[in-house]
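Read through the structure below, which is laid out as structure tokens, and then see the notes.
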Ligand SMILES: *Cc1c(COP(=O)(O)O)cnc(C)c1O
């Protein structure tokens, strides 16, 4: 295929895409910009602006009365709304805090629920903040974090996890979709590995929800956390979500206790009385402005449907890898994501020795925005609600051009900074 054939094909794929229309629900201040970082910060839904103005108006007109008119209920109301996207039931999900803080809460709760067991098992594909949180939680009980190493830098097979999990393990905690390689663990089989050893299972769904199929209920998973600001387009720093399987809720304590997790916060009692249900995993006053803003993106994702999003995402990552094989592998890239779409999320990492400079050149010269992940990955995030096949084709062409013309050399001294 030559370039014009590739662009033709991309246009045909866009024409046949049932989700193509959703793209226009998101702000696009610059039509030329090809945004391939929706897995890091999802684009802003146009409606988010009116919704946030509405929240400001509630503050202006209702003042403290806003708490009686929906603010207090919002963490659980929005959790129930998100629930079907992850195979959860009403009452199993709440919005609160950041993903990292939620990990501290749920991992701490799991360790308390398994007295005598002080090990937590994770893998080295997990997000560093998760590993730091787990490390800190196990240190608190004098335990040990076991980090299973990936053999190929991309995947971790269940057998390697199973070999690390035993009767000393209180908890297995993993990212469902790995932030760098995009590898997707088998939710059900890995949960079984944990359960067979009597351990609890905690999933981080940050890079999955809104793009990758997740059914916590069918997998029998115990606990989960995840971001709302990635594929869900909840907004920068919007509260994360947490999931606790219904049957477990009464037997788990929130180790980060606070008044919003109490049965009667406005009784101002000094005696702890955790709320029944998922509410006990809340801590303090939620950030209402960003919490209510999540609903704009959430409504769009629900309307599009998790299955349709996954189908498109798989087609798009296939298309990108096919083009990468043809145009980018011959000039020094390697595909650093799994080639089997069923174990791959919605981003594709392409490794190159000059990845950082290439990433910077793409942004500065081509308005193509992927991101760089150390040491040598250019990561292309394909958000099925907003990315078109045409953009994928043009991004590959821009990447080829940056390398062939060696224009990236001007960015060789780039420092990593915030990426
Ligand atoms: C993005 C991401 C986070 C971010 O956590 P914050 O607490 O929101 O900063 C955590 N874990 C994973 C797996 C992520 O992809």
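Length gained on full extension, residue 114 to residue 307: 65.9 nm, using 0.36 nm per residue less the C-alpha separation.
Which part of region 298-331 falls in the paramagnetic zone of residue 150, meaning amide N under 11 Å from the point 7 Å along Cα-to-beta-carbon? Answer for this model: none. The slack between residue 248 and residue 189, meaning 0.36 nm per residue of separation minus the straight C-alpha distance, is 19.2 nm.
Site pair residue 69 and residue 166 shows an inter-label distance of 6.0 nm when each label is modelled 7 Å from Cα along Cα→Cβ. Expressed as an acute angle from 0 to 90° and rounded to the nearest 10, what is the orientation of the C-alpha long axis of helix 99-113 relative to the principal long axis of the chain? Result, in degrees: 40.
Arrange the following residues from fewest to most other Cβ atoms within 10 Å of their Cβ: 44, 201. Don't skip to the end; give the middle numbers.
On the way: 44 21, 201 24.
Final ranking by Cβ density, sparse to dense: 44, 201.
As an exercise, use a Förster radius of 30 Å and the Cβ-Cβ distance of residue 20 and residue 364 to find the FRET efficiency, rounded to the nearest 0.05. After rounding, the FRET efficiency stands at 0.55. Relative to the longest principal axis of the Cα atoms of the chain, the long axis of helix 389-404 makes an angle of roughly 60 degrees. For the peptides 172-179, 258-265, 67-74, residues were scored by their other Cβ atoms within 10 Å and the scores averaged per peptide; the highest-first order is 172-179, 258-265, 67-74. Taking label points 7 Å from Cα along the Cα-to-Cβ direction, residue 158 and residue 100 give a separation of 3.3 nm. Beta bridges from DSSP with both residues in the chain: antiparallel share about 50 percent, rounded to the nearest 5. Neighbour counting of Cβ atoms within 10 Å sorts the residues 187, 161, 106, fewest neighbours leading, into 161, 187, 106. Applying 1/(1 + (r/R0)^6) with R0 = 51 Å to the Cβ-Cβ distance of residue 61 and residue 124 gives a FRET efficiency near 0.50.
Go ahead and estimate [θ] at 222 nm for the chain from helices alone: -39,500 (n - 2.57) per DSSP H run with n ≥ 4, summed, over the residue count, rounded to 500. Before the final figure, lay out each step's value.
Working: 12 runs with 151 residues, N = 419.
Mean residue ellipticity at 222 nm (helix-derived): -11500 deg cm²/dmol.
Sorting 294, 278 from the fewest to the most surrounding beta carbons within 10 angstrom yields 278, 294.
Every number here is computed from the coordinates shown, using simple stated rules; none is lab data. This is a predicted model, so every value here is computed, not measured. Please note: Cβ atoms are built from the backbone with ideal geometry, for glycine as well, and neighbour counts cover all protein chains shown.
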